Amino acid sequence: MTVRVRMAPSPTGFLHIGGVRTFLFNWLYARQQGGRNLLRIENTDTSREVAEAFDQIKDSLSWLGIEWDEEPTFQLDRIGDCRRVAEQLVSDGRAYEDEGAIRFRMPDEGVTAWDDVVRGRVEVPNETIEDLVLVRSDGRPTYNFASPMEDVWDRITHVIRGDDHISNTPKQINIIRAVGGDLPVYAHVPNIFGADGKKLSKRHGAVGVDEFRDAGYLPEAMVNFLALLGWAPDGETTIMSRDELVRRFSLERVSSSPAQFDYAKLDWMNGVYLRALSTDAFADRLVIWLGEHGYEWDAELVRRAAPLVQEKIARLGEFPGFAGFLFEDVDVSVDGDAEVVRAARDALADLEPFTAESIEAALRGVVDRLGLKPRQGFQPIRVAVTGSTVSPGLFESIELLGRETTLSRLASAAR
Ligand code: GLU
């Protein structure tokens, strides 16, 4: 049996990170089992925005490297097939017409049960399951009818989805049985909560894949982080490559309790991935990120600044705030002693060569002569040159900034 799983987003206009985590589990499982991962768009409502939302879904998944293996399908394209099956169920006596809609007759006695890979055995008394509308009076099939039918038609072997669908599962099982289909294995993965134990939403921070991309997280760090939301290979390993995740992933080790989205941990992990890049690769990522986000900064200078910031930022998006003074004018001011700023200007005016090393020696000399502690002395210079109390290394920054700009900033700050 070839494993066949599916990612079934609704085209709502943005891809929620919780949904993506579930898609990632599908992809990991498919890759590990040598199976197929399908992309199926659940557009039971006919809004015009579907094409755009679909593009966005594909774009977000591609960015993360979560691939699909067959032509994507659209639920709407199968409306005719759904209606045909509903009519057949009516003639079989399994469904009936009700005010223009078609309803499925659920069993009244006994239980509907399944062995959920994550939740264990789930049993639902049939008397609690309402007769399900299959096709609405306007002719549109419902999600709870279309979805299991697509699972049958697509020969889905494992349904891996959010645990908010547990209550739908007994209905869907009864549909699949009524049409004589093979039941898939169900694995309902836990919800993702924020720190306050509530379902992850905008109140907690970023939730759309695009927001994380815009903030400058690396896709490989996102994938690693998302994989650990509700799953762990053991109690310890956190940093895992894509290949290692594929190798070690198992549905059996998915936890049934809610996973907590820890933004601080994501920042930490992204920092680990950023620092693990070679300087060149890190510079490449910066240049690409900046280009995608509207910065027209000299790529050569970005590359030269890259080693100064690689150890210091956790997200590519921190680069403009941290190193923007190299590319754009800053508001210069003096924080503390103007005298040291003037003396720094004099010391750098004719310094040769203008390198981090000689700049450091010259500025240390200035600070010593004025009888200041290094912190006291360098801070006003830093603020005058970079416009901020936090910056990459001062001497390297001054070298990159160049003599002319440095002198003019020091001069206007000390005026
Ligand atoms: N479209 C559903 C969702 O976004 C997925 C349903 C399913 O996987 O069966 O939650």
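Here are the numbers:
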read-out: Residue in region 40-48 that is modelled with pLDDT of 95 or more and either surrounded by fewer than 17 Cβ atoms within 10 Å (Cβ to Cβ) or within 16 Å of the ligand (Cβ to nearest atom) (or both) present; value: yes
read-out: Test: residue in region 126-137 that is open to solvent by 40 Å² or more (accessible area, probe 1.4 Å), among the polar types (S, T, N, Q) and without any contact (Cβ under 8 Å) to a residue 40 or more places away in the chain; value: yes
read-out: Subset of region 111-125 [open to solvent by less than 50 Å² (accessible area, probe 1.4 Å) and closer than 24 Å to L226 by Cα]; value: D116, V117, V118, G120
read-out: Of residues in region 284-300 being outside any loop (DSSP other than H, G, I, E, B) and of a type in the set (D, E, K, R), the one surrounded by the fewest Cβ atoms within 10 Å (Cβ to Cβ); value: E300
read-out: Test: residue in region 66-82 that is out of contact with any strand residue (DSSP E or B) (no Cβ under 6 Å at 6 or more places or on another chain) and more than 20 Å from W153 (Cα to Cα); value: yes
read-out: R21 being open to solvent by 20 Å² or more (accessible area, probe 1.4 Å) and of a type in the set (K, R); value: no
read-out: Conditions (1) of a type outside the set (D, E, K, R); (2) more than 25 Å from the chain's Cα centre (by Cα); (3) assigned to a loop (DSSP other than H, G, I, E, B): number failed by P307; value: (3)
read-out: Condition check for P374: open to solvent by 20 Å² or more (accessible area, probe 1.4 Å), at pLDDT below 95 and over 15 Å from V330 (Cα atoms); value: yes
read-out: Single residue of R369, R303 found to be touching a helix residue (DSSP H, G or I) at 6+ places or on another chain (Cβ under 6 Å) and open to solvent by 20 Å² or more (accessible area, probe 1.4 Å); value: R303
read-out: Search result, residues across region 162-183 that are open to solvent by 10 Å² or more (accessible area, probe 1.4 Å), of a type outside the set (D, E) and either within 14 Å of the ligand (Cβ to nearest atom) or within 23 Å of Y29 (Cα to Cα) (or both); value: G162, H165, I166, S167, N168, K171, G181, L183
read-out: Residues satisfying the stated conditions in region 140-155, i.e. at pLDDT 95 or above, open to solvent by 10 Å² or more (accessible area, probe 1.4 Å) and either part of a helix (DSSP H, G or I) or within 11 Å of the ligand (Cβ to nearest atom) (or both); value: N144, V152, W153
read-out: Test: residue in region 62-79 that is at pLDDT 95 or above, closer than 29 Å to R36 by Cβ, open to solvent by 40 Å² or more (accessible area, probe 1.4 Å) and of a type in the set (A, V, I, L, M, F, W, C); value: yes
read-out: Filtered residue count, region 26-36, keeping only those that are in contact with a Gly (Cβ under 9 Å, 6 or more places away or on another chain) and buried (at least 24 other Cβ atoms within 10 Å of the Cβ); value: 1
read-out: Whichever residue in region 1-15 is more than 22 Å from T142 (Cβ to Cβ) and in a strand (DSSP E or B) and, among such residues, is nearest to the ligand (Cβ to nearest atom); value: V5
read-out: Given (1) at pLDDT 95 or above; (2) closer than 27 Å to S147 by Cα, number of the condition E211 does not satisfy; value: (2)
read-out: Some residue of region 193-205 being open to solvent by less than 20 Å² (accessible area, probe 1.4 Å), within 16 Å of the ligand (Cβ to nearest atom) and charged (D, E, K, R); value: no
read-out: Odd one out for D108 among (1) in a helix (DSSP H, G or I); (2) among the acidic types (D, E); (3) out of contact with any strand residue (DSSP E or B) (no Cβ under 8 Å at 6 or more places or on another chain); value: (1)
read-out: Test: residue in region 178-185 that is part of a helix (DSSP H, G or I), touching a residue at least 40 places away in the same chain (Cβ under 8 Å) and at negative phi; value: yes
read-out: Number of the condition not met by R105 [criteria: (1) in contact (Cβ under 8 Å) with a residue 40 or more places away in the chain; (2) closer than 12 Å to A178 by Cβ; (3) open to solvent by 20 Å² or more (accessible area, probe 1.4 Å)]; value: (1)
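The values are calculated or read from the model by the stated rules, or taken from the named source; none is laboratory data. Fair warning: this is a prediction, and the values are worked out from it, not measured in the lab. Because the Cβ atoms are built from the backbone with ideal geometry, glycine has one as well, and the counts that use them run over all protein chains shown. Keep in mind that these areas ignore ligands, DNA and RNA; they rest on the heavy atoms of the full protein, side chains included. Shrake-Rupley method; radii C 1.70, N 1.55, O 1.52, S 1.80 Å.
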